[in-house]
Amino acid sequence: MKLNKKTIIILIAILVVAVGVIYSLATREPAIVRIIKGEEETILELEYLSSHPESTVFPVVVRSSGKKPVETEYEGVEMFTILESLNIDTSNVEKVTFNASDGYKIILKLEEIKEPKNMYLTYKRDGKLLKSKKRGGNGPFQLVIRRDPFSQRWIKHVNEIILE
Ligand SMILES: Nc1nc2c(c(=O)[nH]1)N[C@H]1C(S)=C(S)[C@@H](COP(=O)(O)O)O[C@H]1N2
Ligand SMILES: [Mo]
């Protein structure tokens, strides 16, 4: 085979694309949340949330740092409802730790999680799936606290929930 300039450029282009595809597959963040209670681990998948009968759309004002407040609509399921529907026994749980893929962490009391219509694990904003951190979004899952007006305790990129 004659390796002219054009062939070499095409080969390099194929190589670059292949490396890109392999890299993005290898570093792909799966759209799941691991719910851990002692030795038990439950995997929560996006499809489970999005097809949940109690998935709801609710309006909320987002005050992102350095930006004007914006009215948006989030879609998700109440955190306590999720635990109940997964049959996770919370009778002796006191605190709930939310870990995010960027290392951010927040600890909430189970009582707070139980407050009606307050804490939602969300997966859509304004009708679109939440993008991952890598793609510049707040997802794939974000804990939205409706009665936290300045959203400091909202947690982006939630990937682990630990019940203790
Ligand atoms: N995973 C994760 N969640 C987070 C944060 C963060 O750095 N990482 N910052 C918190 C803070 S301080 C605020 S004010 C809100 C909104 O942050 P944003 O305006 O940068 O989106 O998200 C909160 N949740
Ligand atoms: Mo903040």
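The values are calculated or read from the model by the stated rules, or taken from the named source; none is laboratory data. Note that this is a predicted model, so its numbers are computed, not measured. Please note: Cβ atoms are built from the backbone with ideal geometry, for glycine as well, and neighbour counts cover all protein chains shown. The accessibility values were calculated without ligands, DNA or RNA, using every heavy atom of the protein model including side chains. Shrake-Rupley method; radii C 1.70, N 1.55, O 1.52, S 1.80 Å.
If you keep only loop residues by DSSP, which chymotrypsin sites (Phe, Trp or Tyr not before Pro) in the range 43-148 have at most 15 other Cβ atoms within 10 Å of their Cβ? Present the calculation step by step, with values, prior to reporting the outcome.
On the way: sites: 48, 74, 80, 98, 104, 120, 123, 141; in loops: 104, 141.
Within the range 43-148, the qualifying chymotrypsin sites (Phe, Trp or Tyr not before Pro) (loop, at most 15 other Cβ atoms within 10 Å) are 104.
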> Excluding same-chain residues fewer than 8 positions from residue 131, which lysines have a Cα within less than 29 Å of its Cα?
Replying inline: 37, 67, 68, 95, 105, 109, 114, 117, 156
> Considering only protein heavy atoms, what per residue accessible area in square angstrom results for the range 6-94 with a 1.4 angstrom probe?
Replying inline: 68
> How far, in degrees from 0 to 90, does helix 5-26 lean away from the longest principal axis of the Cα atoms of the chain, to the nearest 10?
Replying inline: 20
>> Given Cβ point charges of +1 (Lys, Arg) and -1 (Asp, Glu) and nothing else, what value in debye, to the nearest 20, does the dipole of the range 4-97 about its Cα centre take?
In response: 1060
> In sequence order, what are the phi-derived ³J(HN,Hα) couplings for the range 77-83 according to the Karplus relation 6.51 cos²θ - 1.76 cosθ + 1.60 with θ = phi - 60°, rounded to whole Hz, with x for glycine and proline?
Replying inline: 10, 4, 4, 5, 4, 4, 4
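Among the GluC sites (Glu not before Pro) in the range 56-150, which ones are in a DSSP loop with at most 14 other Cβ atoms within 10 Å of the Cβ? Mind listing them?
Taking the range 56-150 and a limit of 14 other Cβ atoms within 10 Å, the loop GluC sites (Glu not before Pro) found are 94.
What whole-number value in Å² describes the accessible area per residue of the range 96-164 for a 1.4 Å probe? Show your work: numbers first, answer last.
Working: 3550 Å² over 69 residues.
Ligands and nucleic acids excluded, the figure is 51 Å² per residue.
Suppose we look only past 28 Å in the calculated P(r) of the chain. What percent of the Cα-Cα pairs does that tail hold? Mind dumping the intermediate values first?
Values: 4107 of 13366 pairs.
Tail fraction, whole percent: 31.
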>> At 222 nm, what value in deg cm²/dmol follows for the chain if DSSP H runs of at least 4 each add -39500 (n - 2.57) and the sum is divided by all its residues, to the nearest 500?
In response: -7000 deg cm²/dmol
>> What's the magnitude of the charge dipole for the chain around its Cα centre, counting Lys and Arg as +1 and Asp and Glu as -1 at the beta-carbon? Answer in Debye, nearest 20.
In response: 1440
>> At a threshold of 8 angstrom on Cα-Cα distance, excluding pairs fewer than six apart, so keeping six or more, what relative contact order does the chain reach in percent?
In response: 24
> What aspartates and glutamates could a cross-link reach from residue 128, if we take a straight Cα to Cα line under 13 Å and drop same-chain neighbours fewer than 8 places away?
Replying inline: 73, 75
>> Accessible area of the range 1-131 with a 1.4 Å probe: how many percent of it is carbon plus sulfur?
In response: 57
>> Which one, 93, 57, 70, is farthest towards the positive end of the dipole of the range 23-113 when Lys and Arg carry +1 and Asp and Glu -1 on their Cβ?
In response: 70
